[in-house]
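The values are calculated or read from the model by the stated rules, or taken from the named source; none is laboratory data. Please read these numbers as outputs of a predicted model, since none were measured by experiment. Don't worry about glycine lacking a Cβ; one is built from the backbone with ideal geometry, like all the others, and counts go over all protein chains shown. When the accessible area is computed, the model is the full protein with side chains, heavy atoms only, and any ligands, DNA or RNA have been set aside. Shrake-Rupley method; radii C 1.70, N 1.55, O 1.52, S 1.80 Å.
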Amino acid sequence: MATNDRDRRRSFIRQVGTVALASVLPACAGRPSTATRAHVVVVGGGFGGATAARYLRLWSEGSVDVTLVEANPEFVSCPLSNLVLAGERKLADLSFSYDGLRRRGVRVVLDTVISLDPVRRSVGLLGGERIDFDRLLLAPGVDFAYEDLPGLQAAAAREHVLHAWKAGPQTLALRRQLAAMPDGGVYAITIPLAPYRCPPGPYERASVVAAYLKAHKPRAKILVLDANAEIVSKKALFAKAWAELYPDIIEYRPNCELRDVHAATRTAILDFEQVRADVLNVIPNQRAGELARVAELRLINQRWVEVDWRSMESTSHPGIHVVGDAIFAAPAMPKSGHLANQQGKLAVAAILELLAGRLPSPTPLLTNTCYSFIDARNAVHVASVHRYDAGQKTMLPVAGAGGLSAMRNEFEAKIASAWALNIWADTLA
Amino acid sequence: MKKLHFSLVALLGLAAAWPVAAQDDTLARNLVASCANCHGTDGHAVKASGMEALAGADAAKTLQKLHEFKSGVRPATVMQQIVKGYTDEELALIVGYLARQK
């Protein structure tokens, strides 16, 4: 009883203090204590990096200089890009310039980092420029492990057998292949062993393409060749939707690891059979983007960057923060744009504390909400909340929190579109 | 009201109280950032999204809603799942921070 009273009183005092002092000392938190302006370089302008660049400017109230290095002049959203394949969205509607970040004072450099000197604290760019930094934030994204697929070594083969797993020209090219596929044709999609970017994405893709085929090419088939033993994410929801909506269109085959590809005949080579398709869509094995190797960051399983979750710093390179799909995820944490955005903000909070000579929050928290479309008008979600566990030194899902949709529904398709508008703005505006 | 609050803090010792308050304000800011993906930066939802604007919303009303999501009284698709990841103290910080946004 006494403890409760004391807790309540302390909580009240803290809230009152927050309200009162926010009005008299608005800019104390996060302002660097040094007289010279700190400079943070962000490399990679996807959900993680762009969010970090934006929030560095927002939360430092313009007192930290920020440079974003990104090769692509446009941000193209992977979320919602499966709807482009289904002919339900235009890629242009998912594409954004970095002008919003420029307006916030971010210097955007369209280039590629090819070297890093962690002692001198500078990065070297393909174009020749060297940029010094006080702290560095890397958002390398994922690279495809094409070395696993001899038949896709040639660039020409990769234009024939598409991944469309990074939204952009490949998305449009795969849309053209699907549109040109004859009624009665076979669209085969191969799914790599987890972990890979966007766990439910391949199943969403099969769903929305099935909706397209059902309406326009009702005799066509989809073959889902999954290297995993079962549907990786939202299993019951996808399985029910496929059984009810697409029973004669989608054929799901688990434990089908892709060994090679014969691109000219669009043939997937599996352990015990070869599957020929009219459109072959290979989502290759994945690993942290090349930038992680350039920076020589410690990797787990030779693929993913190990980070300290309290600051998102590389465990091998303190002072270098890493966010997004490139990191070795915590238990039950998917590689999603939503989490990359959240990790970007976590890293920024830590960077500003560290620049001010303080320790980052010992108890960071991340949420994930991920919507998948079943068709253009119905969606499902999975959500989770993750907290730092000091004992296990990782983020753990909060027991009792998070969950899935009860059933695909139209309301959540509207919410999925609303989510997209808000996360794009939170990342880029 | 603010004047009253400030005197109370002063009474309790400004020097001792302010770091805690600053920490709480930073914590509130960080927590609200975890809502921003769906509800907009600092609760400023994109108008065209149709999401309810939480910036400037009455703290007590928002807090009541969050507790209703938590208890299951208020039906929802995802909020009843997300809200259970936050402590009651964190929810109080979140609604206070959102209410202060213009």
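Values as computed for the structure displayed
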item: Burial of 30 Å² or greater, segment A:376-401 residues [accessible area, probe 1.4 Å, versus chain by itself]; result: A:His381, A:Val385, A:Arg387
item: Inter-chain shielding of A:416-422 (mean C-beta neighbours from other protein chains, 10 Å cut-off); result: 6
item: Chains B and A together, accessible area buried on both sides, 1.4 angstrom probe, square angstrom; result: 3900
item: Residues whose placed amide H lies under 5 Å from that of A:Ala145, excluding near-sequence neighbours; result: A:Asn285, A:Gln286, A:Arg287
item: Relative packing of peptides A:37-44, A:69-76 - highest average C-beta neighbours within 10 Å first; result: A:37-44, A:69-76
item: Surface accessible to a 1.4 Å probe, per residue, for the residues of segment B:44-102, Å²; result: 53
item: Table column - 3J(HN,Hα) (Hz), segment A:273-280, Karplus curve with 6.51, -1.76, 1.60, x for Gly and Pro; result: 7, 10, 10, 8, 10, 7, 10, 10
item: Fraction in percent of alpha-carbon pairs per bin - 5 Å, segment A:120-232; result: 2, 8, 15, 18, 17, 12, 9, 6, 5, 4, 2, 1, 0
item: Vicinal HN-Hα couplings computed from phi for segment A:326-333 (Karplus, 6.51 cos²θ - 1.76 cosθ + 1.60; Hz; Gly/Pro x); result: 6, 8, 6, 6, 6, x, 6, 10
item: Residues whose placed amide H lies under 5 Å from that of A:Val109, excluding near-sequence neighbours; result: A:Leu68, A:Val69, A:Glu70
item: Per residue accessible area in Å² of segment A:24-165, where ligands, DNA and RNA are left out and the probe is 1.4 Å; result: 41
item: Histogram of C-alpha separations across segment A:64-178, 10 Å bin width, %; result: 11, 31, 32, 20, 5, 0
item: Total formal charge among the other residues, if their Cβ is under 12 angstrom from that of A:Ala229, Lys/Arg +1 and Asp/Glu -1; result: -1
item: Shape parameters for chain A, alpha-carbon atoms, Rg then Dmax in Å; result: 22.9, 76
item: Qualifying lysines (Cα of each under 18 Å from Cα of A:Lys414; at least 8 residues distant if same chain); result: A:Lys90, B:Lys47
item: Expected-Rg normalisation [2.2 N^0.38 Å, Cα atoms] applied to segment A:170-294; result: 1.06
item: Selection from A:Leu237, A:Leu213, A:Leu299, by position along the positive dipole direction of segment A:212-326 (Cβ); result: A:Leu213
item: Long-range amide H partners of A:Leu116 with built H, under 5 Å; result: A:Gly124
item: Accessible area of segment A:313-429 belonging to carbon and sulfur atoms, whole % at 1.4 Å probe; result: 62
item: Average partner coverage of B:48-54, which counts Cβ from other chains inside 10 Å; result: 4
item: Average other protein chain Cβ within 10 Å of Cβ, residues A:360-368; result: 4
item: Net charge over other residues, Cβ less than 13 angstrom from the Cβ of A:Pro118 (K, R count +1; D, E count -1); result: -1
item: Distance between segment A:295-315 and segment A:321-358 - C-alpha centres, whole angstrom; result: 11
item: Karplus (6.51, -1.76, 1.60) ³J(HN,Hα), θ = phi - 60°, over segment A:81-98, in Hz, Gly and Pro reported as x; result: 6, 5, 5, 5, 4, 7, x, 9, 9, 9, 4, 4, 6, 10, 10, 9, 7, 8
item: Cα-based equivalent ellipsoid of segment A:297-392: semi-axis lengths in Å, sorted from largest, via gyration tensor; result: 27, 16, 12
